[in-house]
Amino acid sequence: MAVKVKNSSSEISFLGRLANSEIALGFLFILPAFIGFTVFYAVPAIRSIGISFTEWNLLSDAEYVGLRNYQDIFEDDRFWRALQITVTYVLWNIPLQTVLAVLIAVIMDKVNNSSVLRGIIILPWLMPNVIVALLFIWILDPTLGIVNVFLEAIGLESQGFFGVPDQAIATVAGVNIWRHMGYTSILIYAGLKTIPKSLYEAATVDGANGWVQFLRITLPLLRPVLVFVVVTSVIGSFQIFDTIAVATDGGPSGSTRTIIFYIYQEVFERRFNMGTATAASVVLFLILVTVTVIQTRYLQAGRSDLADYS
C-alpha cells in the first residue's frame, strides 16, 4: 500500500513539473493551431497524393491509374503554358513589390513613423481580393475607367489592361502589388526598428552618406526580414487565383491562366477531373518546396549580419 502512495506522489510531482515547464506551456499554446493544421491541411494534403494516382470525378468510385495523371499533365501544353504564365506573374510581382515596400518602409522610418500612417498603408491588404479586383475592373475599364480618362486627357492612347493579352498578366501583378506592398512594408519597417541607431551614427562620423549607409548597413541587417518577405511572397504569388477569377477568368485567350486557375478548371470545367487536378497540385507543391529551399540557401536565411557589427 505504501508503494502505491509513493508511485502516486511521484506521478503528481511529475505532472506538477510538467505543468510548470515552459516547453509544456509552449506546446499547450500551439495545440489549437496544430490541430487545425493537421485536420484542414496535413490530412487533406496527404490524401490528395493518393487521389493523384486515381481517376475520380467525385460521382463514382476512384479507380487506380498509377502515374497516368502525371503523364497527362506533362504532355498537356495547357499545363506548361499555365506554369510559364505563373512564373511571368511572379517575376512581375516580387521584384517590384519588394523594392516598393523597402522604399516605403525607409521613408516611414526616416520621415514619419505615425501609427495612423501605418494603418492607412496597410488598408489595401485588409480588403478582400475580390473587392480589390472589382475595384480595379472599374478603375481600368477601357472606356469609362478613370485611368484611361486620365491617359486620354494628357494625350495618350487608352489601354486595354485586363482585356489585352500582352497587358493582362502585368495588370494582375500591378493590382496585387498595390494590395500587398503596404503589408510588406510594415514587416520591413519592423525589421528596420531592430537595427541599432548607433551604427548609423558611427557611419555618419566616418563620412558615409545616406546611400552608402543603406547599402552597407540597412540592406545587410534586413536580411532575415527580406528573406521571410521574399519566400512567403513567392509562395503566395504561385497561388494567385482570386484576382484572376474575378477580373479575367483566365483570359483573354488564356493569357492569365495560372497554375492554380488551371487546377481549378480541371476540377470544375473538365468533368470534375480530380485525379489530374491533384496531380498538378502535387507538382506545384514540389516546385514550391524546391524554390523555397533554393531561396533560403542562396539568401542565407539562417545567418544574421548583426553579429558582424557587435
Self-check item: The lone exception for Ile235 - which of (1) among the β-branched types (Val, Ile, Thr); (2) in contact (Cβ under 8 Å) with a residue 60 or more places away in the chain; (3) closer than 28 Å to Gln167 by Cα it fails
Solution: (2)
Self-check item: Conditions (1) assigned to a loop (DSSP other than H, G, I, E, B); (2) within 30 Å of Ile139 (Cβ to Cβ); (3) among the hydroxyl-bearing types (Ser, Thr, Tyr); number of the one not met by Thr171
Solution: (1)
Quiz prompt | Single unsatisfied condition, Leu126 versus (1) surrounded by 12 or more Cβ atoms within 10 Å (Cβ to Cβ); (2) within 23 Å of Val246 (Cα to Cα) | solution = (1)
Quiz item: Which one is surrounded by the most Cβ atoms within 10 Å (Cβ to Cβ) among residues in region 17-71 that are part of a helix (DSSP H, G or I) and in contact with a strand residue (DSSP E or B) (Cβ under 9 Å, 6 or more places away or on another chain)?
Solution: Asn69
Exercise. Could you tell me whether Thr218 is β-branched (Val, Ile, Thr) and more than 30 Å from Ala82 (Cα to Cα)?
Key: yes
Self-check item: Index of the failed condition, Pro224 passing every other in (1) over 26 Å from Ile139 (Cβ atoms); (2) touching an Asp or Glu at 6+ places or on another chain (Cβ under 7 Å); (3) not acidic (Asp, Glu)
Solution: (2)
Quiz item: In region 145-168, how many residues are assigned to a helix (DSSP H, G or I) and among the aliphatic types (A, V, I, L, M)?
Solution: 6
Exercise. Pairs only if they're at least six apart or on different chains, beta carbon under 7 angstrom, first in region 83-112 and free of Cβ contacts under 8 Å to residues at least 24 places away in the same chain and more than 26 Å from Lys193 (Cα to Cα), second surrounded by fewer than 19 Cβ atoms within 10 Å (Cβ to Cβ) and not small (Gly, Ala, Ser); list them, first residue then second.
Key: none
Quiz prompt | Residue selected from region 239-264 under the condition of a type in the set (S, T, N, Q) and assigned to a loop (DSSP other than H, G, I, E, B), by the criterion nearest to the chain's Cα centre (by Cα) | solution = Gln239
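The numbers here are math on the coordinates, done by the rules we state, and not lab data. On a predicted model such as this, the values are computed, not experimentally measured, just so you know. Methodologically, a virtual Cβ is constructed for each residue, glycine included, from the backbone with ideal geometry; neighbour enumeration extends over all protein chains shown.
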